[in-house]
Every structure is written in C-alpha cells, then in structure tokens.
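Below: the structure, in structure tokens.
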Amino acid sequence: MISCVVDAKQMLSGRVYDVLRDAILGGDFAPGDALKPQELAGEHGVSLAVVREALVRLVGDGLADRRTNRGFAVPLQSDRRWQDLAEARCVVEVAALRLAIERGDLEWEARIRASHHRLAGTPAFEGTRVTAEWSRAHRDFHRALLEGSGNAVLLETFDRMWLAGELARRWSSGRAPERDYLGEHRELEEATLARDAETAAALLTRHLTHTVDALGAD
C-alpha cells in the first residue's frame, strides 16, 4: 500500500514537473517570476508536497531557483550562472567533440548526417513559440556530435546541462533574431565529418558563446 502511494505521488509530481518545465521553456513565466507552491498546487489539483517535489527537480535542472526565505522563482537573465554554464559547456562539449572526431566510426558519422538532416528540415517555430519537435531535433544533433567520444561521463554531463542551456538559448533568440542557426549547425556538421578538430572546436565554442553574448547584450 505504501509503495502504491509513493508511486502515485511520483507520477503526479512528474506530471506537474513536465507542465512547469514546458511553461518555463515556452516563456509562460518571465525571468524572475515567483513559482508559488500553494498557487500551483491549487491550479493543478495536487498537494503541496507534490508541487515542491516538482520544483526541486526544476532547481536541479537549472530551470528554477530556491531563494532563502523567498521560495522558488524562475532564474534571472542577468544571473552570472549563464556565463558559468557557457564556460562549462565549452569545456565539456569541446573535449567530447575532439574525442569523437578521433574515435568516431562510420555509424557515428551516419547518425550526425541523419540528425542534422532532421534538424534542418524541422520547423523551428509555431507562431512565436519554439516547437517541441525542433527542440528534440536540436538536442539530438548536439548529442550525436559527441557520442563518438565513447565517454559516458562526458555524455551524462552534457545531458545534465542541456535544459538550462536550452532556457538560455530561448531567451537569447528573442534578443538576436538575425542569428543563423541553420548555418551554424551546417558548418559544425561539415567540420566534424571532415575530421577537422580545430575548426569544429572553434565553431562549437562560438556557437555556445553566442547564446550568452546575446543575453548580455543591451
């Protein structure tokens, strides 16, 4: 009986987490907006404990902050974390990309081609909102670039940082609407498949830092 109750709570918490994650990424909450557990519990028809569990997961993903004596809130665009995140991603992803170029086989090359083809052919927006299909294709392409490394720790680190990086990217896209994502991804694919580690590393670094540069633009 106890295990059934725990399972039900986890299922509800997962549902609330999914809704809040998509709402934050979709821009339904502005940077700095409070995430009030009591209001959210009433809105979703669940207990405070369920909402708090979902919010703690969001904090772990970098999509929410837990502020002392002030509860939960969406992060601020001006927060130093975005520079730190971009720096960490450059270190981890560039290292993994270099290893992938060194170690990757023909199947890895085929996955890159397939994931880039899917990304390039998937509509990015529906109105002003980024489509879920494009977001998945975007993540799949970036992960495919690194999978040839064969390093599970680097790939797990990529997975942990992705959602927070995606939030920063979505915020930055509104401040740099002229950015050529298609061109950046095409150049990354070409340099990687050409096994040009120096060019690929430079392109990936520039790709990742463009996001935080746009967030810091006045």
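Considering the range 71-115, the residues that are among the acidic types (Asp, Glu) and closer than 21 Å to residue 209 by Cα include one that is farthest from the chain's Cα centre (by Cα), namely 79. For the residues 111, 139, 98, 129, the requirement of being in contact (Cβ under 8 Å) with a residue 24 or more places away in the chain, more than 23 Å from residue 205 (Cα to Cα) and surrounded by 13 or more Cβ atoms within 10 Å (Cβ to Cβ) singles out 129. Screening 163, 155, 119, 146 for residues that are more than 20 Å from residue 192 (Cα to Cα), aliphatic (A, V, I, L, M) and either touching a residue at least 60 places away in the same chain (Cβ under 8 Å) or assigned by TED's automatic domain parsing to the domain that holds residue 200 (or both) leaves exactly one candidate, 163. All conditions in (1) crowded, with 18+ Cβ neighbours inside 10 Å; (2) modelled with pLDDT of 95 or more; (3) not polar (S, T, N, Q) hold for residue 167, with the sole exception of (2). Taken over the range 195-217, the criterion of being within 18 Å of residue 135 (Cβ to Cβ) and without any contact (Cβ under 8 Å) to a residue 12 or more places away in the chain is satisfied by no residue.
Residue-wise test of (1) of a type outside the set (Lys, Arg); (2) at negative phi; (3) without any contact (Cβ under 8 Å) to a residue 24 or more places away in the chain.
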{"site": "34", "(1), (2), (3)": "yes, yes, no"}
{"site": "44", "(1), (2), (3)": "yes, yes, no"}
{"site": "59", "(1), (2), (3)": "yes, yes, yes"}
{"site": "66", "(1), (2), (3)": "no, yes, yes"}
{"site": "69", "(1), (2), (3)": "yes, no, yes"}
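Scanning the range 14-32 for residues that are within 12 Å of residue 72 (Cβ to Cβ) and exposed (fewer than 14 other Cβ atoms within 10 Å of the Cβ) yields a total of 1. In the set 45, 27, which member is assigned by TED's automatic domain parsing to the domain that holds residue 11 and within 17 Å of the chain's Cα centre (by Cα)? None of the others qualify; the one that does is 27. Quick one: is residue 118 part of a helix (DSSP H, G or I), more than 17 Å from the chain's Cα centre (by Cα) and of a type in the set (D, E, K, R)? So residue 118 fits the description; yes.
Only residues that are touching a residue at least 40 places away in the same chain (Cβ under 8 Å) and either of a type outside the set (Lys, Arg) or buried (at least 18 other Cβ atoms within 10 Å of the Cβ) (or both): list them for the range 170-194, please.
Start the filter on the range 170-194 by keeping residues that are touching a residue at least 40 places away in the same chain (Cβ under 8 Å), which leaves 170-173, 175-176, 181-182, 185-186, 188-189, 192-193.
Within the range 170-194, 171, 172, 173, 176, 181, 182, 185, 188, 189, 192, 193 qualify.
All of (1) surrounded by 13 or more Cβ atoms within 10 Å (Cβ to Cβ); (2) closer than 30 Å to residue 203 by Cα hold for residue 78 with one exception: (1). Look at (1) surrounded by fewer than 16 Cβ atoms within 10 Å (Cβ to Cβ); (2) part of a helix (DSSP H, G or I); (3) modelled with pLDDT under 95; (4) not basic (Lys, Arg) and you find that residue 39 fails only one, number (3).
The values are calculated or read from the model by the stated rules, or taken from the named source; none is laboratory data. Keep in mind that what you see is a predicted model, and the values were worked out from it rather than measured. With ideal geometry, Cβ positions are generated from the backbone for all residues, glycine too; neighbour counts draw on all protein chains shown.
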